[in-house]
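To keep things clear, I will list the structure first and then write my remarks on it.
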Amino acid sequence: MELSGWGRYPVHGARCARPETRGDLQQALAERNGDSILAHAAGRSYGDAALNEDGRAVLTERLDRMLEFDPETGWLRVEAGVTLKEIIDIFVPRGWFPPVVPGTQYVTVGGAVGCNIHGKNHHQVGSFGDHVRRLEMLTASGDIVTCDRDNHPELFWATVGGMGLTGIILSLEVQLEPVAGPAIEMESIRVENLDEFFEVSAESGDFTHTVSWIDCVASGSNLGRGVFMRGRHASEEVEWSPGPMEKLAKTLKSAADGRLFESNWLLNRATMRIGNAAYFHKEPKGKTEQIVHYEPFFFPLDAIDHWNHIYGSRGFLQYQCVVPEREAIREILEEVTATSMASFLSVIKEFGPRTHTGLSFPEPGITLALDFPNYGEPLMELLDRLDAIVATAGGRVYLGKDARLDRQSFRKMYPEWEEWRDVRDEWDPDGVFQSSLGRRLGLVKGS
Ligand SMILES: Cc1cc2nc3c(=O)[nH]c(=O)nc-3n(C[C@H](O)[C@H](O)[C@H](O)COP(=O)(O)OP(=O)(O)OC[C@H]3O[C@@H](n4cnc5c(N)ncnc54)[C@H](O)[C@@H]3O)c2cc1C
């Protein structure tokens, strides 16, 4: 099969198995005929993290059983191919929500551990791995191993954020968070520039969830203008009826499919300038308070199926970095606005303390995510320049979104990579588990 991540770049071929049981999975490992192998889940990582060019891929979508739930404590044991949407659909009516969710609910729990995903609440609760207590894994030897903070802790920590390179997660235990219902108390605040973003972020301590959309075409005194969104799960069941955001989301969902708009020309600097300015100006000045459903708050992009096709057949790249200091964010934005390339959708957020080592991405500072149509070589050169700014500032690029970081920059950004690789090599001395990303960054045997 030809496989790609959400950015549809790159596209790599792999021989695929779609096991339904752990027996099938063990068989796929045993019969790989000397090829390397990797778990490919919902393919919502953007670049080549879930690809294994010319090797084997295990599609985990059928390993999707819910195994056990304790309604007293909220601990849930599920197979790795269960999606967050499946958990949300079943558990919100029972008063529970996943502890950390990304910008789409269509990711699996296996992928959430593989990339150790962060959400809008990172500054308060850390990342997904902080809420997982046990993993059951198929390791390179063919054995099934259970690991947690006491049993094989080194395997547990290397797998959380380990990009699928330590083995295949079969099942895991995650702690759900109690909620009163589907409602979110939300505030949105129009911010006129980057300084205002930092001011509002600093005074948002009462909110569990924060994120800001940012207009990445605006420059000069408007640099960093955007809409700051903050919210929390409503503390009691509130009367909730669909507002304009929900109605819009519903209409879009029933009418829109990104594949209808696939074009290499739709998104250019001119259309992005108009789109970004329109989004900014539609937001009233000051603060707006609303009660909204969790879907438009957490997953606004899920409203349009296949929205990734809007970027055209060449695909797109997301560049997500975190830097410890504000000045580097300004430098990055200035570097981008000085080019003829533009980011269609950009978000910025302040992370909380670091809770993981190894290849996990989040660290204290400011994270910025920029989506660029695949402009080819000029884009790659721009992103290399951004890497230099990020590495010099002591920051890093998110591997779950990456398709092109070079090995040297990676090693500067992730100084603990060698310790991580030692653990990996101990559990997989022959390099059975590999990915296109792992070989590109020198993370697996022989690369
Ligand atoms: C619209 C959108 C918004 C997003 N927002 C965020 C965000 O806010 N925060 C964030 O952190 N990420 C975000 N992401 C990225 C996404 O959450 C992660 O890339 C996530 O890992 C994707 O999960 P998946 O199930 O699609 O896994 P895949 O993309 O298929 O795989 C991701 C990695 O996990 C490994 N993996 C998957 N399953 C297993 C398994 N069973 N055992 C071992 N390894 C496994 C794979 O080998 C691969 O390395 C976003 C993505 C999209 C498309």
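The values are calculated or read from the model by the stated rules, or taken from the named source; none is laboratory data. All of these numbers come straight from a predicted model, not from anything done at the bench. Cβ: placed from backbone, ideal geometry, glycine included. Neighbour counts: every protein chain shown. For the accessible areas, the whole protein counts, side chains as well, though only heavy atoms, and no ligand, DNA or RNA atoms are used. Shrake-Rupley method; radii C 1.70, N 1.55, O 1.52, S 1.80 Å.
Observations on the structure shown:
- Per-residue ellipticity at 222 nm computed for the chain from its helices equals -8000 deg cm²/dmol, with DSSP H segments shorter than 4 residues left out and the rest contributing -39,500 (n - 2.57).
- Against the main long axis of the alpha-carbon atoms of the chain, helix 244-255 sits at an angle near 60°.
- Only one residue of GLN290, SER221, PHE91 has its Cα farthest out toward the positive end of the dipole of the chain, where Lys and Arg carry +1 and Asp and Glu -1 on Cβ, and that residue is SER221.
- When only alpha carbons of the chain are considered, Rg and Dmax amount to 21.1, 62 Å.
- Convex hull volume of the C-alpha atoms in the stretch 285-410, normalised per residue: 157 Å³.
- Solution diffusion estimate, µm²/s, Stokes-Einstein, the stretch 183-405, Kirkwood Rh from C-alpha pairs, 10 °C, viscosity 1.306 mPa s: 86 µm²/s
- Using a probe of 1.4 Å, the accessible surface attributed to ASP402 totals some 10 Å² when neighbouring protein chains are kept in position.
- Dipole magnitude for the chain: computed about the Cα centre from +1 point charges on Lys and Arg Cβ and -1 point charges on Asp and Glu Cβ, it is near 1020 debye.
- Euclidean distance between Cα centres, the stretch 292-357 to the stretch 145-213, Å: 16 Å
- Accessible surface of the stretch 183-405, 1.4 Å probe, proportion on carbon and sulfur as whole %: 55 percent
- Cβ-based charge dipole, the chain, positive-most Cα from LEU301, MET163, GLY258: GLY258
- Rounded to the nearest 20, the Cβ-based charge dipole of the stretch 183-405 about its Cα centre (Lys and Arg +1, Asp and Glu -1) stands at 540 debye.
- Sites ASN222 and THR288, calculated FRET efficiency, Cβ-Cβ separation with R0 35 Å, nearest 0.05: 0.95
- Percent antiparallel among DSSP beta bridges (both partners in the chain, rounded to 5): 90 percent
- Which of ALA30, SER188, TYR46, positive extreme of dipole for the chain (C-beta unit charges): TYR46
- Based on Cα contacts under 8 Å between residues 6+ apart, the chain shows a relative contact order of 18 percent.
- The accessible-area ordering, largest first, of the residues CYS321, CYS115 stands as CYS115, CYS321, per a 1.4 angstrom probe.
- Our analysis of the stretch 29-102 gives Rg over Rh at 1.08, with the two radii drawn from alpha carbon positions and Rh computed by the Kirkwood formula.
- For THR288, the solvent-accessible surface with a 1.4 Å probe is about 40 Å², rounded to the nearest 10.
- For the stretch 183-405, the solvent-accessible area of protein heavy atoms averages 43 Å² per residue (probe radius 1.4 Å; ligands and nucleic acids excluded).
- In degrees, nearest ten, helix 326-337 long axis to first principal axis of the chain (Cα): 80 degrees
- Axis of helix 377-392 versus longest Cα principal axis of the chain: the two differ by about 90°, to the nearest ten degrees.
- Paramagnetic reach from MET66 in the stretch 164-181 [backbone N under 15 Å; point 7 Å along Cα→Cβ]: 172-179
- In a fully extended conformation the segment linking ALA202 and ASP35 would gain 55.1 nm over its present Cα-Cα distance, using 0.36 nm per residue.
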